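Chemist: Mind looking over this structure? Questions follow.
The values are calculated or read from the model by the stated rules, or taken from the named source; none is laboratory data. Nothing here was measured: the structure is a model prediction, and the numbers come from that model. Every residue, glycine among them, receives a Cβ derived from its backbone with ideal geometry; neighbour counts consider all protein chains shown.
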């Protein structure tokens, strides 16, 4: 009676249903957080518990519920049932790693953007928010035990990678594509994906990554490819910060491709663009063959 009961909903109706589910999810998150944590944001363990609760309820459970209401085959609706070739997964891994220096350069350029003097109060608020979020993120990433590293990989890479792709690509992008064309849907979902992180001085590179994830889904019809790319992207940062914090002599993750290593950004751009061209060609050929 419930499964697929709202599958004939139009765009506006689905947006309203999405907002309703989000409000319910936020209420449940608040309730569970209050019951299970001490709500002390100065306690990094509490912050991680809160992020886990939010990721599972808002970004994993909510898309699963919406897919259940909108389709008689929820996994197919979320595009989670397709497998793909192993070479596609390997190429996605390579693209994600190869793109790091170029993304770092874009982040560095993004940080240099200044608003007009008339908007100085907004810019000060943006920078303050950015610094606060960076401080919390560094506290989460800077751990010194293997168990904490594994937990960070699960929380920041695996669960976030799966949950955010379910929410932004499998749900939002799909809704937008039903309303307008697929390309516009990809960029709208990427914009919202970047905006929700509230890290304004990394907005454009994060939006670009979101668009890459969206195109991977569009070309393949397989959500596991952007999930893998998202997970690898986050996971590499987690491991880098762990190694650096524990005394391993490696470059700062965020500076690779900037300053003295600027040349790596040029290589990164060329290699990534070529590999994206190759995987696009491969994925579209696979879909054409299947159909």
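Chemist: Identify, from the list 210, 202, 235, 214, the residue that is under 23 Å from the mean Cα position of the chain (by Cα), modelled with pLDDT under 95 and not in a loop (DSSP other than H, G, I, E, B).
Modeler: Among 210, 202, 235, 214, only 202 is under 23 Å from the mean Cα position of the chain (by Cα), modelled with pLDDT under 95 and not in a loop (DSSP other than H, G, I, E, B).
Chemist: Of the residues 167, 240, 200, 213, which is in contact with a helix residue (DSSP H, G or I) (Cβ under 9 Å, 6 or more places away or on another chain) and either surrounded by fewer than 16 Cβ atoms within 10 Å (Cβ to Cβ) or within 22 Å of residue 276 (Cβ to Cβ) (or both)?
Modeler: 213
Chemist: Among 87, 114, 71, 39, which is the only one that is exposed (fewer than 14 other Cβ atoms within 10 Å of the Cβ), at pLDDT 90 or above and either farther than 19 Å from residue 162 by Cβ or not assigned by TED's automatic domain parsing to the domain that holds residue 280 (or both)?
Modeler: Going through 87, 114, 71, 39 in turn, just one is exposed (fewer than 14 other Cβ atoms within 10 Å of the Cβ), at pLDDT 90 or above and either farther than 19 Å from residue 162 by Cβ or not assigned by TED's automatic domain parsing to the domain that holds residue 280 (or both): 87.
Chemist: Can we say residue 137 is within 25 Å of the chain's Cα centre (by Cα), assigned to a helix (DSSP H, G or I) and surrounded by 12 or more Cβ atoms within 10 Å (Cβ to Cβ)?
Modeler: Yes: the conditions hold for residue 137.
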